[in-house]
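K.L.:
Right, I'll just put the structure down here and ask away after.
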Amino acid sequence: MTVFVYVNIAKQVGDADHIKVFATVDAAERWFEENDPEGVAFEYDVLE
């Protein structure tokens, strides 16, 4: 299983908006369209 992670470098570490984790690429794309059209997320494996 993978997730998609976005890091907002304009925010402080620990700020609620510093990191966003999306369960699907579709969820990430929808969020980016509304909040950060130039942003990107990277795919990350979830460890069991």
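K.L.:
State which residue pairs qualify: first residue within 16 Å of D17 (Cα to Cα) and inside the stretch 27-43, second residue at pLDDT below 95 and surrounded by fewer than 15 Cβ atoms within 10 Å (Cβ to Cβ) in any location, beta carbons under 7 Å apart, and separation of 6 or more residues or different chains.
P.N.:
Hits for this filter: F32/G39.
K.L.:
Let me ask something else. Between a first residue in the stretch 1-23 that is farther than 20 Å from P37 by Cα and a second residue that is loosely packed, with under 14 Cβ neighbours inside 10 Å and among the aliphatic types (A, V, I, L, M), which pairs have beta carbons less than 6 Å apart while being 6 or more apart in sequence or on different chains?
P.N.:
M1/V46
K.L.:
Residues that are among the acidic types (D, E): list the strands (runs of 3 or more DSSP E) wholly contained in the chain that include at least 2 such residues.
P.N.:
Working: elements: 2-7, 19-22, 42-45.
Ranges flagged: 42-45.
K.L.:
Since A16 meets every condition but one in (1) modelled with pLDDT of 95 or more; (2) exposed (fewer than 12 other Cβ atoms within 10 Å of the Cβ); (3) out of contact with any strand residue (DSSP E or B) (no Cβ under 8 Å at 6 or more places or on another chain), which condition does it not meet?
P.N.:
Only one criterion is unmet by A16, namely (1).
The values are calculated or read from the model by the stated rules, or taken from the named source; none is laboratory data. Given the structure is predicted, the values throughout are model-derived calculations rather than measurements. Using ideal geometry, Cβ is built from the backbone for each residue, glycine included, and neighbour counts are taken over all protein chains shown.
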